[in-house]
1. Looking only at segment 238-264, filter to residues that are of a type in the set (D, E, K, R) and over 10 Å from P164 (Cα atoms); which one of those is surrounded by the most Cβ atoms within 10 Å (Cβ to Cβ)?
2. Among the residues of segment 119-129, are any at pLDDT below 90 and either over 23 Å from the mean Cα position of the chain (by Cα) or in the same structural domain as L230 (by TED's automatic domain parsing) (or both)?
3. Would you confirm, using the coordinates I've provided, whether S184 is touching a His at 6+ places or on another chain (Cβ under 7 Å), of a type in the set (S, T, Y) and assigned by TED's automatic domain parsing to the domain that holds T251?
4. When you go through (1) under 22 Å from the mean Cα position of the chain (by Cα); (2) aliphatic (A, V, I, L, M); (3) exposed (fewer than 14 other Cβ atoms within 10 Å of the Cβ); (4) part of a strand (DSSP E or B) one by one for M228, which number turns out not to apply?
5. Report, by residue number, each residue of segment 239-292 that is in the same structural domain as N177 (by TED's automatic domain parsing) and assigned to a loop (DSSP other than H, G, I, E, B).
6. Would you please list the contacts, defined by Cβ atoms under 6 Å and residues six or more apart or on different chains, that run from a residue in segment 170-186 that is closer than 20 Å to E261 by Cα to a residue that is at pLDDT 90 or above and in a loop (DSSP other than H, G, I, E, B)?
7. Need pairs with beta-carbon distance below 7 Å; first residue under 20 Å from T58 (Cβ atoms) and among the basic types (K, R) and within segment 7-31, second part of a helix (DSSP H, G or I) and at pLDDT below 90; sequence gap 6+ or separate chains.
8. Restricting attention to segment 107-136, which residues are closer than 26 Å to K151 by Cβ, in contact (Cβ under 8 Å) with a residue 24 or more places away in the chain and of a type outside the set (D, E)?
Amino acid sequence: MTIQQIKYFLTLANELHFWKTAEKVYISQSTLSRQIQSLEDEIGVQLFKRDKRNVNLTDAGKFLQEQWTAIIHNLDHIHKQAKRIDQGTYGFVSISYPGSIAFSFLPKFLETLNTNLPDLKLELTEPTDENHEKLLLDYETDIAFNRDEIKNAHINSLKLYSEPICLVVHKNHWLYNNPLKDLSDLKNEKFIMSGLHRTTLFASLLRSLFDKHAFEPKTIIESDFGGMILNLVSKGLGISILPYSFKYANTQDVKFIQLEETIDLYVNWRKNEPNKTIEKVLEYTKLIANNNS
């Protein structure tokens, strides 16, 4: 029994059609039939019920489909990490990050790595904040910068620094040249911001902020991407609340008004990580964070 035979079985279990499966795995239909028959003979279990028109899983086949899917999934992660470890000899690190640090912390961080680890190859990903934990556990990323502390037994999490959040308004907005006395003065304003229904710390912070001032914002556009939000505010479509880091985007025609609330930046990585290159990157991460705070 080989891993390839199991993958053939899993594909056929999903397609339930020999010809379509053969096309999908790039082998002939007769070769696929022989591989499945060989697998059944070796384990002594009938996996499929076949007739001239239909292919269906047996109960044993359904059980093995569930079990082998999980096993192959884990094997793929193991093999992917083995390649990462091997590439670590030459320096390869995958990093995920929130868009808010793309204009301040991240450029300084990348410049430092380029100076001190010139042969390092980086892969950058900007997912939604809720995805960083899964990316780490699935070995899709090695280091995750995140606004939330990831609390998982298999992940290390370190707070790097805190920064204020800001109200962002267009130059024609009445607050551009006037002080903000109370956030509740904005209850009739049009907001463009991240969805308050999300489970991230930033969404929770926003909900708490609006609850404190006893009003629900009139959100006309929701987006997880701060760069897009900032651009829409610069067009005068509404106002927003964003981390201070976005100020370094130097977007024209907007003003950042600091609020009392702050938000953190964490760096997260897998525990017992064998890729030594990641340890070096983390050292420079802490160095940049200390200079940034």
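1. Quick first cut of segment 238-264, residues of a type in the set (D, E, K, R) only: 247, 253, 255, 260-261, 264.
Restricting the remaining residues to those that are over 10 Å from P164 (Cα atoms) gives 247, 253, 255.
Details: K247: 19, D253: 13, K255: 17.
Going through the qualifying residues, I end up with K247.
2. Within segment 119-129, one or more residues are at pLDDT below 90 and either over 23 Å from the mean Cα position of the chain (by Cα) or in the same structural domain as L230 (by TED's automatic domain parsing) (or both).
3. Numbers: touching a His at 6+ places or on another chain (Cβ under 7 Å): yes; of a type in the set (S, T, Y): yes; assigned by TED's automatic domain parsing to the domain that holds T251: yes.
It is true that S184 is touching a His at 6+ places or on another chain (Cβ under 7 Å), of a type in the set (S, T, Y) and assigned by TED's automatic domain parsing to the domain that holds T251.
4. It fails just one condition, (4).
5. Across segment 239-292, the qualifying residues are N250, T251, Q252, D253.
6. Taking only residues 6 or more apart or on different chains, the pairs are L183/H213; S184/H213; S184/F215.
7. K7/I72
8. Residues satisfying the conditions are F109, L124, T125, P127, T128, N131, H132, L135, L136.
The values are calculated or read from the model by the stated rules, or taken from the named source; none is laboratory data. Remember, it's a predicted structure, so these values are computed and weren't measured experimentally. All Cβ positions, even for glycine, are placed from backbone atoms using ideal geometry, and neighbour counts span all protein chains on display.
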